[in-house]
Amino acid sequence: MKKIICMAFLGLLFCSVSAFVVHKFYMAIFQVNYAPEKKMLQITSRIFVDDLNLAIEKKYGKKVYLGSEKESADDQGVLKKYFAENLQIKVNGQSKPVVFLSKELEGDVLICYCRVTDVTKLHSAEITNTLLTHWNSEQQNILHFTAFGNKQTVLFTASNKTEVLKF
């Protein structure tokens, strides 16, 4: 009888513990600030570095080691290419290049700094953000855009890749 009770208890314990499986959260945060005095958009992104490494590997078939001691200059070049292909901005209907400036690692998050120059006036911004969404359909990219003291927030997913913001 004790054996049956012990087995039932262990079975119940296993079922209750397995019901709380850790589910990874796939999210990146982007902050875009319009600086009219500098005539530019300043972009800061926060992306989990392991997800970024996997997404780049899936897209280009090349293993990269961003944020580790194994990181190479080639890895940084691939990162710049990845940003250029997956983050596009049109200002007032005109495509503008997103220039990758630098990056830093904070824990397991890679913070990337970019900018868009020659933004003399801002009436609208069309943003296409496909970073990591091609690799993982659960990926969500939240973008906060601040201009003229107003903040607008947009959610990019695998099915919602482009948004137009008006000012």
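The values are calculated or read from the model by the stated rules, or taken from the named source; none is laboratory data. For clarity, every value in this text was computed on a predicted model and none was experimentally measured. FYI the Cβ positions are ideal-geometry reconstructions off the backbone, even for glycines, and counts take in every protein chain you see.
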Among (1) surrounded by fewer than 14 Cβ atoms within 10 Å (Cβ to Cβ); (2) more than 13 Å from N33 (Cα to Cα); (3) of a type in the set (D, E, K, R), the one test that K80 misses: (1)
Positions within segment 44-80 being closer than 24 Å to F145 by Cβ and more than 12 Å from the chain's Cα centre (by Cα), in sequence order: L79, K80
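Looking only at segment 135-151, filter to residues that are aromatic (F, W, Y) and at pLDDT 95 or above; which one of those is nearest to V32 (Cα to Cα)?
F145
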Any hit, segment 26-37, residues being touching a strand residue (DSSP E or B) at 6+ places or on another chain (Cβ under 8 Å), of a type in the set (V, I, T), outside any helix (DSSP H, G or I) and at pLDDT 95 or above: yes
Extreme residue, farthest from Q88 (Cα to Cα), among residues of segment 124-167 that are loosely packed, with under 13 Cβ neighbours inside 10 Å and hydrophobic (A, V, I, L, M, F, W, C): F148
